[in-house]
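Trainee: Sharing a structure here in C-alpha cells format.
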Ligand code: ADP
C-alpha cells in the first residue's frame, strides 16, 4: 500500500471523532484522500458519486445505521471498517456478520486511531483476497459450465476413470451408448460394468499396460473393441484412452464412439465386394470357357483350310479356300478383340513383365508389315534411336499387339505414300527410361472432331471407309487400355488430307536376368496378335509343299479329345513327316506314354475325365523311375493369362494355343526334337 494514495470515506456524525480522524491522518502522514459524510443520507449520496478504496464508518448515526448503506458499499466491493463505542462489541459482531470486513472500538483516548493504517491495510488486503477467490470461483464455475455444455452436447461418449478404474464422469452420449444414467455408474468400476465377459481379462491386461508402460502404447490411439450395453447386448465401439494428471492423481479419459452403423456398412461393403469378386471370377471363367468354345471350331476351320490350300487345288478352288482362310483369320481377330475387351471389363487382363531384345522385336514387326505395305505400294521404314538399350523389359506380346494394330490401321487408311515406325528415347534416369513409339502415315488423316471420338470402344470414325476396310472398332480402345495398364500414355496428331501419327510412351525398367526371357522369334501367343493374317495369302510353302517336311519318322503322341482338332493336328504332324498316335483322354495318354518311346507329346489341356495337367503329372512321375524325359507341349484353346504357368507347373515343357498353324507346329518340333 506504500506510495499509494488511498481514497477513504469516513462516515461519522460526531464532530470530535471527525476531527480526531483528520488529525491522526495528518499526524501519521497517512497517504489518504478522504471525504467525510456526517449522516447516512450524505454517505449514500457520496457513495453514489465517488469510488473509494475503503470506508470507515460509525455504526449508528443520527439518521440511520451503517446497515442502511451497507448494501451499496458491499456491492461496490469496497472494504468496510465499522467503528463502535466501547462496550458495543456486540454491534461490531452484527456489522461483521452483515458484511463489514473489520471493526475498531473507539476507546475514549482514541488510541484506536493509532492502528487506523494497519486496520485499513488489513481490510483492503483481506477484501482483495476475498475478491480474487470469488473471481476464481466464478471462473471455475464458468469453465465447468462450458465443460458440461461441451460434454453433454458431444456425440461421443466421454468417460473419466480414476486410477482405481472407477467412473468419475459420464456424459449424455455415454448414457445413450451404454444405457446407464450418470447416477447409476458414478463411482462404479468401469470394466465390471462395460466389459463383456469374454473381453474382461483382455481389457484388464490392456489397461495394466496402459498404466505401467512407459510409452503408454495404447494412449491416444483409437482402437476398435466391444462394450456391453445395460440390456446385455454387445456394442462395437471405437475407444480412445488418454491418461492425464489431476491434483496429483492419474485419470483416464475414455472417448467412446458407437460404431455399430459403421460396422454394418463395412460388413455390407465386404459382402458386396465378395459378391462382386465371385461375379468377376465367374466372368473370368466364362471368358475362358467361351474362348475355348470359339477357338476350338476355329482351329478346325483355319487349320483344315490351310491344309486344303496345300493339296494342289485348281485356281478357282484356291481362290475359294483362300477366301475361307482370310475370313477365318479375320473372324478370329474380331473374336480376340472382343475377348481382350471383355478381359479388361471383368478385370482379368494380366500384364506381364519380360525381358526382350528390341532389334529382333522390331525386325519381327517389319517382316510382318513390309509385305502388307508393299501390297498397297506403300513404303515402310523404321527408325530406331541408337541410344535405346538393346534389352528392355515390359510386356512384349502386348506391345506387339498395340504396334501391329497401329501399323495395320496406318496401312489400312493410307492409299499412297508411306508408313513409318519410329522408336526414340524420352530420357533416362535411375528408375528406367521412357520410350516413344510413333506410327506415322501419309493417309487421309482424321479431323479434330473425329480425333475426340477415338480410343473409345466400338467407335469407327468414318462409316464409309470402315465398310470398305472392315474392323471391330475395338483396336484403339484395347490399345489405350493396354498402354495404360503398362503405365504409359497413348495419343495422336493428325492433319486431314496429310496423314496421322499415333504415338505411345512407355516406361521401361532396366532389363534384369531374373525375368523371363522373351524372344520375338519364339513368341507363344501367335494368334492373339495376328491381325495381319487376315490379309495374307497363305504361307510360302504353297509354292513348294515339300519345303517344310524336315522331321522324318518321329513318333509323336497326340492327346486331343476334340475330333476336328485331333484330325487337324494329325494331318499337320503327318505333313511334317511324323507318325502320330492319337488318343482322346488323359488315362489313354498315360498308357500310351508308358508303352512307347515318343519323341514328343502334344497334350490338350482340357479334356473330359482325366485332363492334360493330371496326365502330365502321372507321366512325369512314371518317368522318375525310368530316368527319361519326353518333351510335352500343351495345346490349349484357353486364352487366359496364367494358363501357361499352369502347364509348366504340371510338368509340361512348352505351350501353344489353338488354332495351331503348321509353321508353329514345325517350330515346336524343331525346337524339341532336332
Ligand atoms: P478397327 O478395329 O475398326 O480398326 P480401331 O479402334 O483400330 O478399330 O480404329 C477405329 C477407327 O479409327 C477406324 O475405324 C478409323 O476410322 C480410325 N483410324 C484409326 N487409325 C487411323 C489412321 N491411321 N488413319 C485414319 N483413320 C484411322
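Trainee: Using only the Cα atoms of region 567-674, build the gyration tensor, take square roots of its eigenvalues as a ≥ b ≥ c, and label the shape rounded, prolate or oblate: rounded if a/c is under 1.5, else prolate if a/b is larger than b/c, else oblate.
Mentor: Numbers: a/c = 1.43, a/b = 1.13, b/c = 1.26.
Cα axes put region 567-674 in the rounded bin.
Trainee: Ranked highest first by average number of other Cβ atoms within 10 Å, how do 179-190, 73-84, 493-504 line up? Could you put the intermediate results ahead of the total?
Mentor: On the way: 179-190: 15.0, 73-84: 20.2, 493-504: 17.6.
Highest mean packing first, the order is 73-84, 493-504, 179-190.
Trainee: Measure nothing fancy, just the Cα-based angle from helix 89-98's long axis to the longest principal axis of the chain, in degrees from 0 to 90, nearest 10.
Mentor: The two axes meet at around 20 degrees.
Trainee: Evaluate the relative contact order of the chain (contact order divided by residue number), counting alpha-carbon pairs under 8 angstrom at least 6 apart; express in whole percent.
Mentor: It comes to 8 percent, rounded to a whole number.
Trainee: Compute the helix-to-body angle for 15-27: its Cα long axis versus the longest principal axis of the chain, expressed 0 to 90° and rounded to tens.
Mentor: Once rounded, one gets 60 degrees.
Trainee: Just report the Cα centroid separation between region 354-400 and region 280-326, whole Å.
Mentor: One Cα centre to the other: 27 Å.
Trainee: Here's a follow-up. Work out, step by step, the length gained on full extension between residue 594 and residue 48: first 0.36 nm times the residue separation, then minus their alpha carbon distance; give nm to one decimal. Don't jump to the answer; show the numbers that get you there.
Mentor: On the way: separation 546, 0.36 × 546 = 196.56 nm, distance 12.51 nm.
Between residue 594 and residue 48, full extension yields 184.1 nm more.
Trainee: Classify region 325-391: rounded, prolate or oblate, from the alpha-carbon gyration tensor (a ≥ b ≥ c, eigenvalue square roots; a/c under 1.5 rounded; otherwise prolate if a/b is larger than b/c)? Show your work: numbers first, answer last.
Mentor: Values: a/c = 3.04, a/b = 1.18, b/c = 2.57.
Oblate shape, in that a/c is at least 1.5 and b/c is the bigger or equal ratio.
Trainee: Same structure again: For the chain, divide the Cα radius of gyration by the Kirkwood radius and give the resulting Rg/Rh value with two decimals.
Mentor: Rg/Rh for the chain comes to 1.42.
Trainee: Okay, next question. Relative to the longest principal axis of the chain, what angle (0 to 90°, nearest 10) does the C-alpha long axis of helix 40-49 take?
Mentor: Value to nearest ten degrees: 30.
Trainee: Sorting check: for 298-311, 128-141, 374-387, which peptide has the highest mean count of neighbouring beta carbons within 10 Å, and how do the rest follow? Mind showing how you got there, number by number?
Mentor: Working: 298-311: 20.5, 128-141: 10.6, 374-387: 13.1.
Result, highest mean first: 298-311, 374-387, 128-141.
Trainee: OK, next. Nearest-5 percent of antiparallel DSSP beta bridges in the chain?
Mentor: On the way: 58 of 103 bridges.
Around 55 percent antiparallel, to the nearest 5.
Trainee: Here's another thing I want to ask about it. Please say if region 1-84 is rounded, prolate or oblate, where rounded means a/c under 1.5 for a ≥ b ≥ c the square roots of the C-alpha gyration tensor eigenvalues, and otherwise the choice is prolate for a/b larger than b/c and oblate otherwise?
Mentor: Details: a/c = 2.03, a/b = 1.24, b/c = 1.63.
Oblate.
Trainee: Normalising by the residue count of region 593-660, find the relative contact order in percent from Cα pairs under 8 Å and 6+ residues apart.
Mentor: Numbers: 88 pairs, mean separation 23.5, N = 68.
Relative CO of region 593-660 lands at 35 percent.
Trainee: Calculate for the chain the 222 nm mean residue ellipticity that helices alone would give, adding -39,500 (n - 2.57) per DSSP H run of length 4 or more and normalising by residue count, nearest 500 deg cm²/dmol. Walk me through the numbers on the way to the answer.
Mentor: On the way: 21 runs with 305 residues, N = 674.
Here the helix-only value at 222 nm equals -14500 deg cm²/dmol.
No value in this document is a laboratory result; all are computed from the given coordinates. Computed from a predicted model, the values in this text were never measured in an experiment. Reconstructed Cβ throughout: ideal geometry from the backbone, glycine too, with neighbour counts over all protein chains shown.
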